[in-house]
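Report on one structure; see the data block that follows.
Nothing in this text is a laboratory measurement; each read-out follows from the coordinates by a stated rule. Source: prediction; values computed, not measured. Virtual Cβ from ideal backbone geometry, glycine too; neighbours counted across all protein chains shown.
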Amino acid sequence: MTLPRTPSFSLAGKRAFVPGGSRGIGLGCAVALAEAGAHVVIAARGQDAVDAAVAEMTAAGFSAEGLALDITDIEATRAAIAAMGRLDVLCNSAGLARHSAAMDTTPEDYDAVTNINVRAAYFLAQAAARSMTDGGSIIQVSSQMGHVGGIERAVYCATKHAVEGMTKSMAIEWGPRNIRVNTLCPTFIRTPLSAPTFADPEKRAWIEAKIKLPRVAEVEDIMGAVLFLASDASAMVTGTSILVDGGWTAG
């Protein structure tokens, strides 16, 4: 008998691109990929934030570089990805949320959120797929709100449901090229950006009532899932989502 072997979680020799990787969930994704051996390029709109993240990662012994990039600039994004050469992993953590009651949504807020969460994410995946000459993994950081609805989140939910849909279609089209396309769907993660939400007793109570596990989520909770989706450990996983939601969507 020949025992089966667990596929490798190593990303040694791989090149990964993480837009939105300078802080919070994106930084957690970048570190997870770098810890597994990937050379990671992080991007964000602010050069100072990018430089700070890269400095901290390289000081920790990781292979990392960064660039200031607004992914809503489609042509600049295409050029940046083309300049990287071969790409093996895209983990898109860039996004925007402007919450309000559906009756109060303004066209300006609608356009701003859909521009980055849907339009930019779509063409980012397209550009990345063109650079995945030997197969690869595209990971869109979506949300549990791509599977359910939420009060004061109509626009945000609409964009994340759209990401789930385009991910399935891209997975079908690009599967023959050995490009896997999936989403990572976190619940509320404790980060500096979410601090005001957790500081509100009513909102925190709502979150804790929805999460079935006895705590709220930390950035570290998404890192294993990112590594799984990026590595050969998920070689037969495409067109689906990994829900890191503490049971929120279970009912």
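Structure summary
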{"quantity": "Segment 1-81, relative contact order in percent, only Cα pairs under 8 angstrom and at least six apart counted", "calculated": "25 percent"}
{"quantity": "The chain: angle of helix 220-230 to the longest principal axis, Cα-based, in degrees nearest 10", "calculated": "40 degrees"}
{"quantity": "Those lysines that a straight Cα-Cα span of less than 20 Å connects to Lys168, excepting residues fewer than 8 apart in one chain", "calculated": "Lys160"}
{"quantity": "Relative packing of 157-169, 84-96, which averages over residues the other C-beta atoms within 10 Å, highest first", "calculated": "84-96, 157-169"}
{"quantity": "Kirkwood-Stokes translational diffusion coefficient of the chain, alpha-carbon pairs, 37 °C, 0.692 mPa s, µm²/s", "calculated": "178 µm²/s"}
{"quantity": "Helix-only [θ]222 nm of the chain, DSSP H runs n ≥ 4, -39500 (n - 2.57) each, per residue, nearest 500", "calculated": "-12500 deg cm²/dmol"}
{"quantity": "Cα centroid separation, segment 127-193 to segment 209-251 (Å)", "calculated": "13 Å"}
{"quantity": "For segment 143-251, diffusion coefficient by Stokes-Einstein and Kirkwood Rh (Cα), 10 °C, 1.306 mPa s, µm²/s", "calculated": "106 µm²/s"}
{"quantity": "Nonlocal amide H pairs with Ile242, under 5 Å, H built at 1.01 Å", "calculated": "Thr183, Leu184, Cys185"}
{"quantity": "Taking the chain and dividing mean pair separation by its residue count, relative contact order in percent (alpha carbons under 8 Å, at least six apart)", "calculated": "21 percent"}
{"quantity": "Spherically averaged projected area in nm², based on the convex hull that wraps the Cα atoms of segment 95-139", "calculated": "3.5 nm²"}
{"quantity": "Burial ranking of peptide ranges 65-73, 21-29, 97-105 (average Cβ count within 10 Å, highest at the top)", "calculated": "21-29, 65-73, 97-105"}
{"quantity": "Segment 135-244: relative contact order in percent, alpha carbon pairs under 8 Å with at least 6 residues between", "calculated": "37 percent"}
{"quantity": "Mean projection area, nm², convex hull over Cα of segment 69-202", "calculated": "8.8 nm²"}
{"quantity": "Cleavage-rule hits (chymotrypsin sites (Phe, Trp or Tyr not before Pro)) in segment 197-248: DSSP loop, at most 13 neighbouring Cβ within 10 angstrom", "calculated": "none"}
